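What follows is a set of notes on a single structure, which appears directly below.
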Amino acid sequence: LNQGRLHLQDQHPNMLSSEDFVKVGPPVKQTEIFEKDKVCMFFQRLLMLDYRARYIHIQQKNSNVKTLQIVSNSGSASTDENDLAALFKSNVDLNHSKENHVHPMDVQMAAFRCSDGFLKQKMITKLSQCQYALPLLIPDPVTTNIECPLWTFRQITKTWKIATTKDNKTTVTMKSMPIYKAEIPMLMNALINDRHNTFFHRNCPGSTKSCYLMDGVAEIAWYCPAGKPNDFFTDCIAFCNLHGDSLKNLKQCEILTEKSSVIVVLVETLKEGQESSEMVSMLYMSSKPLIILSADNDSSAVQIKPYKYKLGLKERSQSDVSEELKEIIRAILSGPHSVFQIETLANDPRVKVDEDAEVCRNGKSAALKLVKLIEEMDISKIKDTFLPCQGQLWYEWCKINKELYNLKGHIEKEKGLKNLQLMRLRQEQCDLSNSELVKSFTESLRRLPPKEREYFLKWTQILIDALSTDDLSSILQDYDKTWSEVLELKRKHDKSANFDVKQAQLNKLSKKLQSATFGLEHIFREMGQIYEAHKSLKKSSLGQWTEWTKYPELAADLMIKGHPMELMDGDAGHVPLIWVSSLIQEVINKLGDQRVFVLSVLGVQSSGKSTMLNVMFGLQFAVSAGRCTKGVYMQLVKLSDEIQKDYKFDYILVVDTEGLRALELAGNATIHHDNELATFVVGLGNMTLINIFGENPAEMQDVLQIVVQAFMRMKKVKLSPSCVFVHQNVTDITATEKNMDGKRHLQEILDNMAKLAAKEEGCDVECFSDVIAFDVQKDVKYFAQLWEGSPPMAPPNPGYSESVQELKTIILSKAKPSDGILLSHLNTKIQDLWNALMNENFVFSFKNTQEIAVYRKLEVQYGNWTWTLRSEMLNIENQLYPKIEKGQLDKAELSYLSKEIKETYKAVTDSIGAYFDNDKDKEMLVQWKGRFENKIREFHEELLRGVKRKLDDVIRQNKARKKLDKKKTEFENKLFQKSKELAVGLKSLAEDEHKVKAQFNTVWIQFATELNPDAKPVEDINLQEDELDVLQGLGLEPGLIIESQKSNAYKNLSETGDYSGYITKKKSICCSKESTTQKNMDESKLNRVQHEEQETIRLFIQEVNKSCLEIIKTKPVSTRGYSITYLQELAKTIKNRVTEFESERKFTFKKEFIVDLSLYVFDRAASWLLDSHKIFKQNNDVITYLESKKTEYYNIFRGFCRGSSSVVVFGEMMSEKLKVSAIEAVCNKTAVDIAGEMMCNFPAFNGNRLNLEKHVLTALAKKEDFNSFITYIRNPRRQVEAFIKEEVSKYMFIRQKTKAQTILRKNVENFNKIISHALFKATEKLQKRKGDIKDWLEEFSSVLEPNLTLDTINCQNFRDINNFDFLKEEIEKGLKIITEEMKSLPLNKVNECRQKPEQILIDQLCNCCWERCPFCAAVCTNTLKDHSPEKHSVPFHRPSGVKGWHVRGKVDLVVDFCTTSVASDRSFYPEHDSEQSVPYKQYPTAGERYASWSITADASMLAYWKWFVCHFQEEVEKYYDLKFQGRGEIPQEWKHLSKEEAIGSLSEMCSL
């Protein structure tokens, strides 16, 4: 049969297993099924609870349409007589080749025999749910042994109700137990279900005469009463049916006869001498009740003697016979009768039990060893005794952890105490973590091979369930009864003491139920808690009990196998993050970082969610009403190979939830718990199934309100799951009009809920589709009822499995475009969602860690892209700048600059496109693509404009010195002639260098005076004197000004800690009704300025400085020179701004403030004024110009003195000019290259802005200089720039000096090659065509470009040169000397040129966001300057006291971190004069300054600033003249932090 018809050995050479069917595959076929597919189809349909799995219609191989055989008489003409002959001819004669299809029971038995133990068990369990009879005794066709598949019955639990009447009062008792333990009467062969074919018989669809595998098989089925008057029987009864002739299956017959309570025998005739008469006689003589059914007798039931009956079947209706049979059986069972227990078959020597297999035995023995520890105990005490870590200690830990997000009073102190409590609880858990039960369980998991481990887990669950069945049944019975009484009292509005008593009783029963519910999930929960406790305490794995380290790996193995794992502990209402994170990480280690599609399911308790999932995917979620899934469970389901290629993910991760509105959770916490649960699972899911049960609109409304609010929160935090609504238990799913009405009603409810939720969440929404993409026509699925009739005897409704199949298709079609989520990303998402839920305001608190990590990586890329553009633009600038400076180019067009950088810009934009399209996080990156492309475009345009501005400045300066330039040619000709003439007369001195030099110096002054007799030198400026004059002009005392200039205190005015000494309170404030004590108060105390005012003054100083610098930079100092009027204008501006500022304040500034502020601004403007004046002097002072030419003309003079030819003199002159240009070009190129090298390889500079901030803070801590810290706190940009300068200096002159020198030398060699090449080309060209020195110089200069630009050389004095080979040799000699000199150039020279490495890096790294936190002044670490709509954020928040924030009206510095405050119940005043305080939890409502920041609660984990506060406590207090006291007292545990821990915490925070 296997080989010939079902092809099982071809298709499945190994045993079939559950894993073959627990996969997401293509939809189950309804048509075109061939015999070879029959077993697979049987399993697929059976696992979907479709009882029609037995009746699969087979497609004939040869055709899709069944063709009728045409009968003809060959060889003779067709006549009516012939046709009639054919009509009466036997069919047997006609079709000898007819082949029956395979008998349905043969398919079932073939499937059974070809399955492994677990698939058999699953198959039998599903057959039982389909209300089919199950094989109890199976003859082995080879050995003729009788086998009992006892193992397959182990998971079947039957529930029934027994109605008893006493004193005219009917009591219904519910019983529920594993069927293998049930001691119940057993009957042979009778009808037990009048609506469903429990036993397969000849009239069933698909039945054929030949059935090969069922002969001798005894099947068993159960009748379970519903506790109603129309029950057939009042108690559970097992019915057994022996297939085939009992005379031929004597062994089975004998066993069944022994075990039965009543025997029913069907005989053809009841006469002596028949084959059956001997067996009938034997049964008649036995003590067992006997009912004989005779096929040839038409009599009604007759009792021959007690417990012996006979009954005729001939010409009688089945229903009559059935009723009589039931009557007789009821009568027999009402008296004493034997009972049967399936388990007892294991002790029967005639029967071989499948549980005797070695793997099963080994699994069972390990499970028995485990269960032996607990079997004698009260079920409700097992968890407290053996699983202590998940009980009260864990609940207490969760409670305290939750309180951390709702702190009151002294926040940091309270937080410290709570953290200490948490650690103590973890320590207690560690101390209790050596439970024998867990040890035994984990040892078995680790030790047993995979198959035995599976048996061990199943056995453990079976044995544990057996222990708790009776207790659970009685507790549930009491609960049900008490609950009914409470409902009745509520209905009557009875609020008497009796109601309170009943309510208390109900709560007690609820707790008892919770204690008595005990399963494998609780052992895993305990493992999770043991792991979390040890991990939290960072227990060293050396020399200690380290079993706990293996727990995640053990659980991961099971999760991969398809076991559900707990994600949220339902009893504690908490996610054990450490455990879940390690578990998922282990799954990643074993499977790789696979993509999963997360399917979340939400619905009211007992609404059939778990059943639906189990039917859809063949999962293992707990489904019984008494053992409702508590919490959130996740289960991996693999996509089958057939459909894998069509999807972008490898697994579906199904997340099933504890029911919303659970009865046992009813109370104040329910709504919050439901909201938390819904938000969590909706946030996790790529898709959420919302399961609605029944047609009760009130209940539906409750669930939908929670769900809509959850979706709204997701929208606000930029998560966008899809949703499908499943409406179960709808009475008529075919009524289209009714369904349309239902959909319209659902749409209305959703729209109303959306409006309500929008009010609560504070956003503008009109309908549900504004919240989430939703189409009521496509996204709502109606389900038939699960049962076809009334349980417990009703089979599942085939329409239900069809609905599930359709839903599965909808889910897969919606999932098809999805990329799913990487397991690693899911891991961080779980952490993010739960951490945000811990806070009251989910939306403000949600931090998408994965998104942050992807964004930070993008920032690094952005830095690389901008540096590529900047470095190329610097090179272009280096080529153009000297040409413009030397007057060889008089305009810089944007179009030219754009053309020069075009290639690099294209390469960068291509790189951006590739990054966004190909990166593994491209789905997440897409949200920033447009913004970053715009930013790069803006950056490119800004670079072009910046370089053009710089070059235009040089062009302007060139134009300003045209007067001097006109004189230059004249001067140079005269200088050349005078030098030449003088030299000819002094040839005799040529040998004596000193005399030549002395002679030249003597005549040089004479030369200069002759050339420019009216020249007056441009004077240097004396700013200090001018500042004194200007401030005196404002009416300020000279003594005050001089004293301030000497002290230099003004230089750090913007970083002063306390401005109280600069102000005087206005009289109306100071002289209001005060006590005598107050009047005598120290003036500094009287004038004390609130922190907010201090910050306002500081901001005012910075704004005045900024606006004054902008004013001074508009002055034409570099073109027209410096004037004292510029300082006078600044001084007046400062005074006016101060007066304006004072008018809005309750105080005035003393004169000292105006002096210090003016000097502060002058000091900031000084460097720009001096540099600009220097440029003016260089461009306009003839004497300065002539002085710059002295060396050049001395060399000419010396050459002619020696009698050198024009070629030699020109060669020397060229060498000197080449040297000047080459040094400048080499230094500028080296500056760019060193900056590039540091950008690539220096850790502080090769990341994003956050990385730079971390290194700045690390350097500050290592230096331990308080003043540097203050500069950082007050003016972070200045400190970051100082850090960059310091690091560049260390890199160039200490750490990487050799590398810097190598870069310099390499550039020298490159320029040497360029010059040599130009010499060769120019000389070669002049040899080919005639030309003079001017032509040679033009050719030489053009080949040098764009790398090098020479000063303009006047060639008219060297027209006699025509030997260009000789000239080339002369220049090459000089070049050799220049190259050697340049190779030994000091690195300092690089810092003296126009392009400085430090300035290049400052421009690159500081072109970012510098906004500061309104609470603690920490700087935003976004790499983009304007990063809207992204909010400002920084992981390095700090105690607000660090920036001087103190308690209003007191001297107490604030010690709280803003990241802790935002999770507390405290409030703050947004401005210094605010009268209304704002709760920290609602900080974004305090104004734009606050709303533009994202501050998420992180429990102030950063140790860095705690260490700073402790280490510099005295300095901080002195600086602000405030104290860390009262509410600002420093928590004790901060004082134990070391500098190393502080620095280490920076990296930890960066990685979060």
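The values are calculated or read from the model by the stated rules, or taken from the named source; none is laboratory data. Here the structure is a predicted model, which is why all the values come from computation and not from measurement. A quick note on method: Cβ atoms are made from the backbone with ideal geometry, for glycine too, and the neighbour counts reach across all protein chains shown. Ligands, DNA and RNA are stripped out before the accessible areas are found, and what is left, the full protein with its side chains, is counted by its heavy atoms. Shrake-Rupley method; radii C 1.70, N 1.55, O 1.52, S 1.80 Å.
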- 0 to 90° range, to nearest 10: angle between helix 358-372 axis and the chain longest Cα axis: 80
- Query: For the pair residue 898 and residue 1194, what calculated FRET efficiency results from E = 1/(1 + (r/R0)^6), where r is the Cβ-Cβ distance and R0 = 41 Å, to the nearest 0.05?
  - Reply: 0.35
- Charge tally in the Cβ shell below 13 Å around residue 643, where Lys, Arg are +1 and Asp, Glu are -1, residue 643 excluded: +2
- Counting only protein heavy atoms and rolling a 1.4 Å probe, one gets per residue an accessible area for the range 431-526 in Å² of 49
- Where labels lie 7 Å past Cα in the beta-carbon direction, separation of residue 322 and residue 1472 in nm: 9.3
- Message: For the ranges 1299-1305, 816-822, what's the packing order if you count other beta-carbon atoms within 10 Å of each residue, average per peptide, and put the highest first?
- Response: 1299-1305, 816-822
- Query: Where the centroid of each part is defined by its Cα atoms, how far is the range 120-177 from the range 1020-1044 in Å?
  - Reply: 106
- Message: Can you give me the C-alpha center-to-center distance between the range 1256-1282 and the range 476-491, rounded to a whole angstrom?
- Response: 69
- Item | Computed E for residue 1320/residue 1263 - FRET, C-beta separation, R0 41 angstrom, nearest 0.05 | 0.15
- Fraction of accessible area attributable to carbon and sulfur, the chain (%, probe 1.4 Å): 50
- Message: With every protein chain left in place and a probe of 1.4 Å, what is the accessible surface of residue 1389, to the nearest 10 Å²?
- Response: 80
- Task: Go ahead and estimate [θ] at 222 nm for the chain from helices alone: -39,500 (n - 2.57) per DSSP H run with n ≥ 4, summed, over the residue count, rounded to 500.
- Result: -17500 deg cm²/dmol
- Message: Give me the percent relative contact order of the chain, please, defined on Cα pairs under 8 angstrom at least 6 residues apart.
- Response: 7
- Place the peptides 119-132, 139-152 in order of packing, highest mean first, counting for every residue the other Cβ atoms within 10 Å and averaging per peptide. 119-132, 139-152
- Per DSSP, the loop-located trypsin sites (Lys or Arg not before Pro) within the range 756-796 having at most 14 other beta carbons within 10 Å are 778
- Query: Under 15 Å from the 7 Å Cα→Cβ point of residue 941, by amide nitrogen: which residues of the range 1425-1459?
  - Reply: 1426
- Query: Could you give the nm distance between label points at residue 1102 and residue 129, where each point is 7 Å from its Cα heading toward the beta carbon?
  - Reply: 6.6
- Message: Order 761-769, 247-255, 517-525 from most to least packed using the mean count of other Cβ atoms within 10 Å.
- Response: 517-525, 247-255, 761-769
- Item | Residue pairs, from the table 122/372; 535/716; 408/508; 899/929; 1113/1254; 906/1106, whose Cα atoms sit over 29 Å apart | 535/716; 408/508; 1113/1254; 906/1106
- Message: At q = 0.14, 0.16, 0.21, 0.27 Å⁻¹, what log₁₀ I(q)/I(0) does the range 208-280 have when each alpha carbon counts as one equal point scatterer in the Debye sum?
- Response: -0.60, -0.73, -1.00, -1.25
- Query: Straight-line reach from residue 891: which aspartates and glutamates have Cα under 12 Å away, leaving out those fewer than 8 places along the same chain?
  - Reply: 952, 953
- Helix 38-47 versus the longest principal axis of the chain: what angle, 0 to 90°, nearest 10, using Cα atoms? 80
- Note on the structure: A correct Karplus calculation of ³J(HN,Hα) over the range 250-260, with 6.51 cos²θ - 1.76 cosθ + 1.60, θ = phi - 60°, whole Hz and x for Gly and Pro, returns 4, 5, 5, 4, 4, 4, 5, 4, 5, 7, 6
- Per-residue accessible area for residue 313 at 1.4 Å probe radius, Å² rounded to 10? 50
- Charges only on Cβ, +1 for Lys and Arg, -1 for Asp and Glu: so what's the dipole of the chain about the Cα centre, in debye to the nearest 20? 3260
- Message: At 7 Å along Cα-to-Cβ for each site, give me the label-to-label distance between residue 314 and residue 1388 in nm.
- Response: 13.3
- Message: Report, in listed order, any pair from 369/418; 158/630; 399/814 with a Cα-Cα distance greater than 32 Å.
- Response: 369/418; 399/814
- What is the set of long-range amide H partners of residue 24 at a cut-off below 5 Å, with H atoms built 1.01 Å from backbone N? 638, 639, 640
- Item | Under the Debye formula (equal points on every Cα, no solvent term), log10 I(q)/I(0) of the range 1425-1516 at q = 0.20, 0.21 Å⁻¹ | -1.09, -1.17
- Expressed in µm² per second, the diffusion coefficient of the range 844-911 from the Stokes-Einstein equation, with Rh the Kirkwood radius over alpha carbon pairs, at 10 °C and 1.306 mPa s, is 108
- Task: Quick one: angle between helix 450-491 and the longest Cα principal axis of the chain, in degrees between 0 and 90, rounded to 10, please.
- Result: 80
- How big is the C-alpha Rg of the range 128-178 next to the rule-of-thumb value 2.2 N^0.38 Å, as a ratio? 1.83
- Query: Just how much of residue 647 is accessible, in Å², when a 1.4 Å probe is used and the result is rounded to the nearest 10?
  - Reply: 40
- Task: Quick one: grab Rg to one decimal and Dmax as a whole number for the chain, Cα atoms only, in Å.
- Result: 47.2, 165
